[in-house]
Structure formats: structure tokens, C-alpha cells
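*Asks:* Please read through the structure below; I'll follow up with questions.
The values are calculated or read from the model by the stated rules, or taken from the named source; none is laboratory data. Bear in mind the structure is a predicted one, so any value in this text is a computation, not a measurement. Note: ideal-geometry Cβ built from the backbone for every residue, glycine included; neighbour counts use all protein chains shown. The accessibility values were calculated without ligands, DNA or RNA, using every heavy atom of the protein model including side chains. Shrake-Rupley method; radii C 1.70, N 1.55, O 1.52, S 1.80 Å.
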Amino acid sequence: MSFAYKLGASAIAFAVTAGMAYAQDASTFWAEAAKPYQGVTLHGVTESTPPSNYVKDVLAPEFEKLTGIRVDIETTSWDQMYDKAIKDMEAKTGIYDMVYIEQDIIYAYLSRNFLVDTTKLLADKPELKSPNYDEANFTSFANYFRGENGDLYGIPVEAFIKTYLYRTDLFNDPAIQAAYKEKTGNDLKPATTHEEYTAIAEFFTEYGKENGLDLWGTTAQAHTGHPASWYEFVESIEPTFGVYNWGIDAANNYAATVENGGRMNSPEAKAAMKYWLHLRDIAPPESVQSTWTETATTMAAGRAAQGLIYGENAAWIASDENQSKVVGKIGVAMPPLSEGVLAQAEAGEGYVGYYDGGAFGIPVTSKNQDAAMLFLQFIAQNDVQPDWALAGSRITNNATYDDPKVKELDAKLGGYFTMLKDQGKLYAGAPPYPFHAQVREAVAPIFYDILTGKIDPDTGLDQMAQKTEEELTALGYRK
Amino acid sequence: MHSNRLGWLLLAPTMIILFFFGVVPFFYVIWVSFHQWNPFAANPNMVFNWASNYRQVVFDAQLLASLGVTFAFVFFAVVSELILGYLLAQAFMKDFPGKAFFRTIHTLPLIMAPIIVGSIWKLMTTPSIGIIPSLVQSWFGLDLNIGQSAAAAFITTVVMDVWHWTPLVTLSLIAALVSLPPDPFEQAQIDGANKRQIFWHITLPMIAPAVVATVFIRLMDALRTVDEVLMLTGGGPGSATRYIGVHIFKEVFPRTNYGYGSAISVVVLYMTIVICWLLYVGLIAPRNTRKG
């Protein structure tokens, strides 16, 4: 037996032994680590979304089987979720051991010291650290949940981009392509500019009307009394016109008006508003009552040819025949952009749309922080990610992209996951403001008045910018 | 003496619960209303600001608009419920086939949680999906879209409230009508009084206490309507259905403007008490005075 052969055999034997030891270590870890917490029941609150429902229905029972620690996850509406979590943390009642932290609220929670520093917790208590858990496993989206010290305050549970979905069956239909070419002189393909998007939307709305179809040219998340419309405008429409961070310049004393250096009422913002209102007018009639959920339902019902849809809904729209009429008929593309926006996004000076998602954090008021940390490590393992990605079209760990099941679904989704991996960096989460809901609610009545036509977009945006500065002054951020 | 002490002892648990869940929060809201307090402000602490929040109430155009639509909502909802409730109560006083079945069906909305009522009405009024826009389109050729039309949204919230709460009025008035003695009605008929005269001069005065009590209950409920409307319209389109309860909800919870929100709550409570007192003075007190 040559030396090289012996060396190779030894290496393999070592690897197998080490692997077995590691596997045993990983499988016994949960039972051992959970021993001090027998009889504990963890309580979590989150929004009722496909990824969160997977945590509740699949991951929590699996964790209980392994550890004996019961996990009750309360899934509720988006606003109720915030209401319950904030009241609990504010009043220090300690009801919840885990709260869902949407990317845009993390800054408010951190400013109030609501959350446990998970990096520090694991460093202080190494006996709690799972051998499978490593912050390096997460995609760069996890960075949104880091504090100023670089530590992680939330374990990512979902991440997705709000992007452009279109109907491949309609866009690839030769008869429709010919009709579109005849009407506009252009080839029918996913829009790259706002003008193209508008032309396609107008074409399909007219096409639906002429042919007696329940088909419109675009979706619009334009509820006239719900914050969803505000979010669609400031996070998905304005950035494509080059207006970032809601048009507020944090570095310039939180200016919002053009005269003070902000861009909330800039010509680009006003153009974005008019563009969006026009799309709303040619979208299905339910659009004025649509939040993110109803917009996805409209797309899934086959009532729109294209639209901006939150990625958490992309998987079921494209692949679940029980819920969707457009299975296998969905393509994805980057949203239409104004000139120069892509270059700004590539240079890190802007972004093309919203990178949304959330994490589970542990409130400092939780009475079961250690047990909650165990559960959060459990759901952060690479092993549990692929099936979770299939159920909720969310990816938070780098390794998930390479899983065969995920790759298979990616093909059905028209390359959504590939886009998330390769172009995700061009999208951005919400700006790091601790006053999201405060500014949003302060300007909401004006914003809704623009949507109903009570005031014109130019006047409305001027008033919104003014009101934003007033609110930020009252809150003490603007001096 | 012994029984008096026993009485207090039996009442104690209720009194303690009421103290902690009613009296303490009430005074806490009053205390908060004299502070500037938004936990997400640069200074998240409570800052005593005298009566600034109450001063702001007077000049808050959004609040005044909210009060305006609230009073309109309360007026149309309560009056409709009263008229419809009385007519139904009279109908249920008579015997007809299937009366018990219809009375049960008619009472069902009462046992539904407001949030469920809001959800059902949202489903029924969503354009292209809901049955109501479909029927309105086929019967009247009109496009009903409560996300677009302020008038349609307002009327829908009134109709929803009437649908939900008329059974309460009906049940109260049935109880009042059943308890009326037959003698005055027989005498009036002998004297030749017609139905209208009997209603105005005998029935209405005799059931007036029940009517006023029912109006008080419905008035107070309608003034603090939140969940149904929040679910159905979110207060929109624009501010068309941003009733005062919805306004306070949005001010206190999403906006976390606890100080100002508390001030509005105190003002609305005061207004409710004043309205009820005016109703009492206008409807019940003169009757008691005449008796005296």
C-alpha cells in the first residue's frame, strides 16, 4: 500500500468519523440544550403569511418533537401583529418570547432597545449555541437586522423582492403579439421603461374590454384607506423614478420639501404619482380596495397581465393550482425604470425596488430568552430552509439557492430565485428611520385625498412634504 | 349590620376588578392626555405639556372633519335602526307562519363579532367579486365601488351598522311592547282613536323609556365604532369614513401619538356624556316633571 493511498484512506476515514461525530453532535444537541427548559412554552406573534404559517405549522412542531419545548406561534394581520408586539414590549408585559420584525420597523425597535442582541447572547452562553448555527449562513439581507455594533438582533425568516410579474402565456401569444405590434409599433416584451409599461397596461385593459374578458393591463396596490397604497408608492414606484428613501434626506436635517433639500415633492415624485394614478385607473376595479394580499389574488385569478407583486406570493401564484389560475404562466423581470436609475442602483447610490422581509427577534422583556434563542437557531439551520423556501418563496440562507428542489421551483417561477440571488443587491429595504408609522400616518389623509382625486397630485405632494417636515419637527428629529 | 358587611364582601371582587380595569385606566388616560408622549419620538419619554393637546383638538381640521362624518353616521344609523327596529318589533308582535324562525334569523347578526361583520361586508362589496356591486350593477346599472366613491362608502357603513344592530333595537322594543297593558288601547279604540293617534298618544309615550334607553346604547356604540369600519374601508376612501373611533385608533396605535390620542378620547367621552344628557333632558325629564 503506497503512502499516498494510506494517506487518502486515512483522510476519508477521518472525514467519515468526524462527519458522524458532527451529525451525532448536531442531533443530540437539541435534546441536551433543551433540558433546562422542559415545560416551557414559547409564545411568538407574527403576520399571517406563507413563511410564517410554515413556522407555525411545520417548524414549531418539529422543534417541540426534538426538544420538548412547546412553541405557540400566533399568526394575525399585519397591523394587529404590530399592535400586539409593540404594546407587549412597551408595557413590558413579557407575553411574547419572539416577535416578527419587519425590515422597516427594526430601526424603531432598536431605538427603543426592545430587542435582545442574539450575537452577544450566544457569546455569553456558548452552551446555547447550536453546532449548525452560523451567522455567516445568512444572505446579506441579515445585515438589515444588525445594530450599530454589528451584532444581529433578529434571525431572518423571510426575504423577498417586490418585483415585476407578467403573464408569459399572454406575452408569448402570437395573435396578441401581432395585435400589440399593430397598435403600438413595438414588440410585446416585458417593459423596461415606464412608457413601455403604460403602453402594455393600456393595451391589455383595452384587449380585455374588447374581448369581454376579465383582464386588465396591470395590478395596483392602491387601497384608499390602508397603508399598503403608501408603501407601493414610496417603496416600489418612486424609486423607479429615482426618488429614494421616501424623498426624505436624512443627512440634510430630514428635509422633505424641495426648498429645504428633500425630494418628496420633486418633479420626479410628481411624475411617479401621475404615472401610478394612471395605472390605477386602468387596473381592475378592486385595486382601490387592494392591499398586498388582494393584489396577489388579482394576479393569481388571472385578472391582470402584469404587476408589481411581493415575492412572498410569487411561488403560490406560479405553482399552486389550488390557489392560482396562472400556474406555469408567470415570468419575472426587473421593474420598469427611468433613465439612470439602474446605474445609480449598480453604484449603490439608489435602488430599483423594495427588498422586503423580516426576522424573528427576542424582546428583552421575554421571560424565556434562552429557550427562544434555541428555537431561532433551529429555524435558521440550512437543513430546514429548502422546504420552507418551497412553501413561502423566501430565501434567507446562501446554501438554499443550490438545493435541487429550490432550483426546480425556480424554473417554474420564471427565475425568481435566480433574480433574488443575482439582482437582489439592486433592491433595498426601507430607509433606516425610527419613525416610519408616525410619518406615514401623519401624511396618510393627504395621500388618500390624492388617490380619491380630492386634491391634485402636485398640490398633494407639496402638502405631504410640508406635513412630513412638521411631523419630524414635532417628533424632535428635524431641528 | 351583618348583612351589610356580607353585601360589601360579595360586591368586593367586582368592585376591585372595576377599579383596576375601569377607574385606574380612566384616570391614567386623563393623566396621559396632559403629556406629549410618542415612544418613537427623539425623546420617547412623557413630557408634561399642560393643556396643549386639548388646544390642538380645537384646531385639528382632520379631527373636526372626523367628528362631522361621525355625527352624520350616528344620526343616519341610529334613526334608521330605530324606525326599522320598531316596524320589525310590531311585525313580530303579530302571529304569522314561521314567526319563530324569522325572529331567530333576524337576531343572528347580533351574535357576530364586529370584525367578522366588517370582513363579510368587505367580501360582499369588493368590486368584481362581491354580490352587492353585482346586484347594484344588474338592477340599477350603477358601478358601486366603495374604495372610490365617498358617498357609497358612507352609505355602506350605515347599512352595515343597521344590519348588525337593528335586531338589538327590535328585541328591546318587543320587550317594551309586550309589557304594555291592554286597557288604554281598548279605551282608545272605544273612543274612536285611529292608529296614528294611538301610536302618538299611547304607544310612543308608554314605550318612551325603552326607546330612550335603546337610543342611548346605540348612540354610545355608534360613536365609538371602529372595527367594522376599519375592516371594511380602513376609514376611506380618503377620510370619508374616518369616524372618530377610527381616527383615535389611527392616532394612538399606528402613529403611537399617545398623549394627543388620549386627549381626543377624553373629549369624545365628554361629548358622549353631554349628548346623552341632552337627550335625557329633552325626552325623559319633561315626562317625569309632568308626572310629578
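*Asks:* Once every DSSP H run of n ≥ 4 in chain B is given -39500 (n - 2.57) and the sum is divided by its residues, what mean residue ellipticity at 222 nm do you get, rounded to the nearest 500 deg cm²/dmol?
*Replies:* -22000 deg cm²/dmol
*Asks:* Something else about it: Per residue, how much accessible area does the protein assembly as shown show when a 1.4 Å probe rolls over the protein heavy atoms, in square angstrom?
*Replies:* On a per-residue basis, 45 Å².
*Asks:* Cross-link partners among lysines for residue A:181, C-alpha distance below 25 Å, same-chain residues fewer than 8 apart left out?
*Replies:* Filter leaves A:189, A:209, A:329.
*Asks:* Follow-up question, since we're still on this one. Once A and B are treated as a pair rather than alone, how much accessible area drops out, both sides summed, in Å² to 100, probe 1.4 Å?
*Replies:* For A against B, buried area totals roughly 2600 Å².
*Asks:* How big is the antiparallel share of DSSP beta bridges in the protein assembly as shown, given as a percent to the nearest 5? All intermediate terms of the calculation are to be shown ahead of the outcome.
*Replies:* Values: 25 of 36 bridges.
That works out to approximately 70 percent antiparallel.
*Asks:* In straight Cα distance, which aspartates and glutamates are under 16 Å from residue B:250, not counting same-chain residues fewer than 8 positions off?
*Replies:* Qualifying aspartates and glutamates at Cα under 16 Å: A:79, A:83, A:441, A:471, B:60, B:227, B:228.
*Asks:* If you roll a 1.4 Å probe over the range B:61-291 with all protein chains in place, what percent of the accessible area is carbon or sulfur?
*Replies:* Roughly 72 percent of what the probe reaches on the range B:61-291 is carbon or sulfur.
*Asks:* Rounding to the nearest 10 and keeping the result within 0 to 90°, find how far the Cα-based axis of helix A:267-281 lies from the longest principal axis of chain A.
*Replies:* 90
*Asks:* What is the log10 of I(q)/I(0) for the range A:100-236, computed with the Debye formula using one identical point scatterer on each Cα and no solvent, at q = 0.21, 0.22 Å⁻¹?
*Replies:* Taking Cα atoms of the range A:100-236 as identical point scatterers yields -1.25, -1.33.
*Asks:* Determine one quarter of the surface area of the Cα convex hull of the range A:64-151, which equals its mean projected area, and express it in nm² to one decimal.
*Replies:* With the hull built on Cα positions only, its mean projection is 7.2 nm².
*Asks:* Rounded if a/c is under 1.5, else prolate if a/b beats b/c, else oblate: with a ≥ b ≥ c from the C-alpha gyration tensor eigenvalues square-rooted, which is the range B:1-79? Intermediate results must be reported in sequence, preceding the final value.
*Replies:* Details: a/c = 3.65, a/b = 1.51, b/c = 2.41.
Oblate, since a/c reaches 1.5 and b/c is not below a/b.
*Asks:* Right, something else. Take every Cα-Cα distance within the range B:163-221, group them into 5 Å bins from 0 onward, and report for each bin the whole-number percent of pairs it holds.
*Replies:* With a bin width of 5 Å, the distribution comes to 4, 18, 24, 20, 15, 10, 6, 2, 0.
*Asks:* In the range B:135-180, what residues drop by 50 Å² or more of accessible area when the other protein chains are put back, versus the chain on its own? Use 1.4 Å, and skip ligands and nucleic acids.
*Replies:* Buried-area filter returns B:147, B:148.
*Asks:* Right, another one. Taking a ≥ b ≥ c as the square roots of the Cα gyration tensor eigenvalues, with a/c under 1.5 meaning rounded and otherwise prolate when a/b beats b/c, else oblate, which class fits chain B?
*Replies:* Cα axes put chain B in the oblate bin.
*Asks:* For the range A:99-157, which GluC sites (Glu not before Pro) are in a loop by DSSP, counting at most 16 other Cβ atoms within 10 Å?
*Replies:* A:148
*Asks:* Does the range B:78-148 come out rounded, prolate or oblate by the C-alpha gyration tensor, with a ≥ b ≥ c the root eigenvalues, rounded set by a/c under 1.5 and, if not, prolate when a/b is larger than b/c and oblate if not?
*Replies:* In terms of gyration-tensor shape, prolate.
*Asks:* Using a cut-off of 18 Å between alpha-carbon atoms, which lysines can reach residue A:274, once sequence neighbours fewer than 8 places away in the same chain are excluded?
*Replies:* Filter leaves A:454.
*Asks:* Here's a follow-up. For the range A:39-48, in order, what is each residue's ³J(HN,Hα) by Karplus, 6.51 cos²θ - 1.76 cosθ + 1.60 with θ = phi - 60°, in whole Hz (x at glycine and Pro)?
*Replies:* After applying 6.51 cos²θ - 1.76 cosθ + 1.60, I find x, 7, 10, 8, 10, x, 10, 8, 6, 6 Hz.
*Asks:* Assuming R0 = 30 Å, can you tell me the calculated FRET efficiency for the pair residue B:123 and residue B:62, based on Cβ-Cβ distance, to the nearest 0.05?
*Replies:* 0.55
*Asks:* Treating only the Cα positions of the protein assembly as shown as identical point scatterers, give the base-10 log of I(q)/I(0) from the Debye formula at each q in 0.05, 0.07, 0.10 Å⁻¹.
*Replies:* Here log10 of I(q) over I(0) equals -0.33, -0.62, -1.14.
*Asks:* Going by alpha carbons, how many degrees (0 to 90, nearest 10) lie between the helix axis of A:78-91 and the longest principal axis of chain A?
*Replies:* So the helix axis and the longest Cα principal axis differ by about 50 degrees.
*Asks:* Additional query: Given the range A:375-467, report the % of alpha carbon pairs whose separation exceeds 24 Å.
*Replies:* Every Cα pair in the range A:375-467 considered, those over 24 Å come to 51 percent.
*Asks:* When the accessible area of chain A is split by element with a 1.4 Å probe, what percent falls to carbon and sulfur?
*Replies:* Of the solvent-accessible surface of chain A, carbon and sulfur hold 52 percent.
*Asks:* Quantify how strongly other chains surround peptide A:442-448 by giving the mean number of their Cβ atoms within 10 Å of each of its Cβ atoms. Don't skip to the answer; put the middle values down first.
*Replies:* On the way: counts 4, 0, 10, 11, 3, 1, 8.
Per residue, the number of nearby Cβ atoms from other chains is 5 on average.
*Asks:* Too long at a 22 Å Cα-Cα cut-off: which of A:425/A:479; A:87/A:367; A:56/A:367; A:129/A:425? All intermediate terms of the calculation are to be shown ahead of the outcome.
*Replies:* Working: A:425/A:479 33 Å; A:87/A:367 16 Å; A:56/A:367 20 Å; A:129/A:425 30 Å.
Pairs exceeding the cut-off: A:425/A:479; A:129/A:425.
*Asks:* If you look at just the Cα atoms of the range B:186-292, how large are its Rg and its Dmax in Å?
*Replies:* 20.4, 66
*Asks:* Please name which of A:175, A:406, A:231 has its Cα lying farthest along the dipole of chain A towards the positive end, using unit charges on Cβ (Lys, Arg +1; Asp, Glu -1) and the Cα centre as origin.
*Replies:* A:406
*Asks:* Within 10 Å of each candidate Cβ there may be at most 16 other Cβ atoms; applying that plus a DSSP loop requirement, which trypsin sites (Lys or Arg not before Pro) in the range A:51-130 survive?
*Replies:* On the way: sites: A:56, A:65, A:70, A:84, A:87, A:92, A:112, A:120, A:129; in loops: A:92, A:112, A:129.
The qualifying sites are A:92, A:112.
*Asks:* When the distances between all Cα atoms of the range B:29-129 are binned every 10 Å from zero, what whole-number percent does each bin get?
*Replies:* Values per bin, smallest distances first: 11, 20, 24, 21, 14, 7, 2.
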